[in-house]
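Student: Dumping the structure here so I can ask a few things about it.
The values are calculated or read from the model by the stated rules, or taken from the named source; none is laboratory data. This one's a predicted model, so the numbers in the text were calculated from it and none came from an experiment. When we count neighbours, we look across all protein chains shown, and the Cβ atoms used for this are built from the backbone with ideal geometry, even at glycine. Quick note on the areas: whole protein, heavy atoms, side chains included, nothing else; ligands and nucleic acids left out. Shrake-Rupley method; radii C 1.70, N 1.55, O 1.52, S 1.80 Å.
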Amino acid sequence: MKNTVLKIWRFYVDGFRGMTLGRTLWFIILVKLFIMFFILRLFFFPNYLNTPAVGGDKEEYVGRELIHRAIGGPP
């Protein structure tokens, strides 16, 4: 078991060590993930549950919002 895990580890280490174009592509992928999950979240997905309008009971607020959005009524 230990020998198999060691062979798999060496396979991936050697593969990443020999990359030239792949490193650039991995860098681009990581930058895009950072933008999607950290930058866009700050601007387009604010945390409404920690605002003073919600108060202390977050479960009731979420329930009310789901019901109002389902029936199309005002919040």
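Student: With respect to the numbered conditions (1) modelled with pLDDT of 80 or more; (2) more than 17 Å from the chain's Cα centre (by Cα); (3) hydrophobic (A, V, I, L, M, F, W, C), which one is the sole condition not fulfilled by Met36?
Tutor: (2)
Student: What are the residues in the range 1-51 that are open to solvent by 100 Å² or more (accessible area, probe 1.4 Å), under 30 Å from Glu65 (Cα atoms) and not in a helix (DSSP H, G or I), if any?
Tutor: Phe45
Student: List every residue pair whose Cβ atoms lie under 8 Å apart, where the two residues are 6 or more positions apart in sequence or sit on different chains, the first residue falls within the range 59-72 and is touching a residue at least 12 places away in the same chain (Cβ under 8 Å), and the second residue, located anywhere, is surrounded by 10 or more Cβ atoms within 10 Å (Cβ to Cβ) and among the β-branched types (Val, Ile, Thr).
Tutor: Tyr61/Val54
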